[in-house]
Amino acid sequence: MTTCPAREDAAPAPARRDRRLASLGPVAQLRAGRLPRRLGQLAVGLVLYGVTLAMLIRATLGNAPWDVLHQGMARYLPLSIGTAVIVMSLLVLLLWIPLREKPGLGTLANSFVVGLVADRALAVLAAPDALGLRVGLLVGGVVLNGLATALYIGSQFGPGPRDGLMTGLHRRTGLPVGVVRTGIEVTVVALGWLLGGVVGLGTLLYTLAIGPLVQLMLPWCVVELPERPAR
C-alpha cells in the first residue's frame, strides 16, 4: 500500500506550552507571550507581598530576615519601612553588576511596588492586642507571603533583587543555594538586630517555612509560555 507524502504546506501543529521557569532577558520576557495574564499575576503577587510584609511587622512576633534589616534602617534613617525596602532593593541591584545578573521587568517592579504597598498597608493595619490574633496574623502573613513569592516568580518576569543576589552568588561561588541563602539571611538578621529590628519566633518560622511553601506553590503559579510550533 502506498502512503501519501505529507504536504509541505500543511498547517503547523498548535504551539505547546511550557510550564518550566524560563531564563529570559528583559526584551524576551515581553515577547514571550501571554502578556496580560503575566502582568496581572505579577501585579497581584507584588501587592500581596507588600501586604504580607505589613502583616508580619504588625504581628510583632519577629519579622522576616530582610525586614528585620529594613525596620532597623527605618529606626536610624529618615525613612519609612517601605522606603527602606526600596532603598535596600536598589543597593542590592548594584551588587548584581559584578555578579552579571540581568534584571527583568519583575525585578524593577519588585524594587518599588513592594515598598510602596507595605507603607500603605502599615498605615491601615493596626497591631492586635490579643496574642491569638497576633499569631494568626503571623501565620497568615507567612503563608500568603509564600503565595505572593510564587505568583511573582511564576509570572516569568525575572526574580526579585534579593532572589537574584542569592542565585548570582550561588553561580559565581559554586556554593549550594541553601548555604548561600542561609549566609545572606544570617547576615541581614544580625545587622538588622543591631539596628533595633524585631527578631523573634516569626523570624524563625519564616526562615524555616518560606522555602517549602514556595516550592509547594510555585508549580501552580508558573504561567505556561508557548513553545515554538512543532512541525
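The values are calculated or read from the model by the stated rules, or taken from the named source; none is laboratory data. Note that this is a predicted model, so its numbers are computed, not measured. Please note: Cβ atoms are built from the backbone with ideal geometry, for glycine as well, and neighbour counts cover all protein chains shown. Surface areas here come from the heavy atoms of the whole protein model, side chains and all, with no ligands, DNA or RNA. Shrake-Rupley method; radii C 1.70, N 1.55, O 1.52, S 1.80 Å.
Of the numbered criteria (1) of a type outside the set (A, V, I, L, M); (2) open to solvent by 30 Å² or more (accessible area, probe 1.4 Å); (3) under 18 Å from residue 191 (Cβ atoms), the one residue 72 fails is (2).
Of the helices (runs of 4 or more DSSP H) lying entirely inside the stretch 133-231, the ones with 3 or more residues being among the basic types (Lys, Arg) and within 24 Å of residue 21 (Cα to Cα) are found at 161-173. Pairs are defined by a Cβ separation below 6 Å, a sequence spacing of at least 6 or placement on different chains, a first member in the stretch 190-210 that is farther than 14 Å from residue 76 by Cα, and a second member that is open to solvent by 60 Å² or more (accessible area, probe 1.4 Å); the pairs so defined are 199/193.
Being at pLDDT 90 or above, exposed (fewer than 14 other Cβ atoms within 10 Å of the Cβ) and closer than 30 Å to residue 138 by Cβ is a property that holds for residue 91.
When the test is whether a residue is in contact (Cβ under 8 Å) with a residue 12 or more places away in the chain, crowded, with 21+ Cβ neighbours inside 10 Å, within 22 Å of residue 44 (Cβ to Cβ) and not basic (Lys, Arg), residue 140 does not pass it. The one condition from (1) within 21 Å of residue 218 (Cα to Cα); (2) at pLDDT 95 or above that residue 56 does not meet is (1).
Scanning the stretch 200-221 for residues that are among the aromatic types (Phe, Trp, Tyr) and open to solvent by 20 Å² or more (accessible area, probe 1.4 Å) yields a single hit, 220. Of everything in the stretch 117-132 that is among the aliphatic types (A, V, I, L, M) and in a helix (DSSP H, G or I), the residue that is surrounded by the fewest Cβ atoms within 10 Å (Cβ to Cβ) is 124.
Of the residues making up the stretch 39-54, those that are open to solvent by less than 30 Å² (accessible area, probe 1.4 Å) and closer than 19 Å to residue 136 by Cβ number 3.
Of the residues that sit in the stretch 145-199 and are farther than 20 Å from residue 110 by Cβ and of a type in the set (S, T, N, Q), which one is surrounded by the most Cβ atoms within 10 Å (Cβ to Cβ)? The residue in question is 182. Which residues, taken from the stretch 57-94, are β-branched (Val, Ile, Thr) and assigned to a helix (DSSP H, G or I)? Those that are β-branched (Val, Ile, Thr) and assigned to a helix (DSSP H, G or I): 57, 68, 81, 83, 85, 86, 87, 92.
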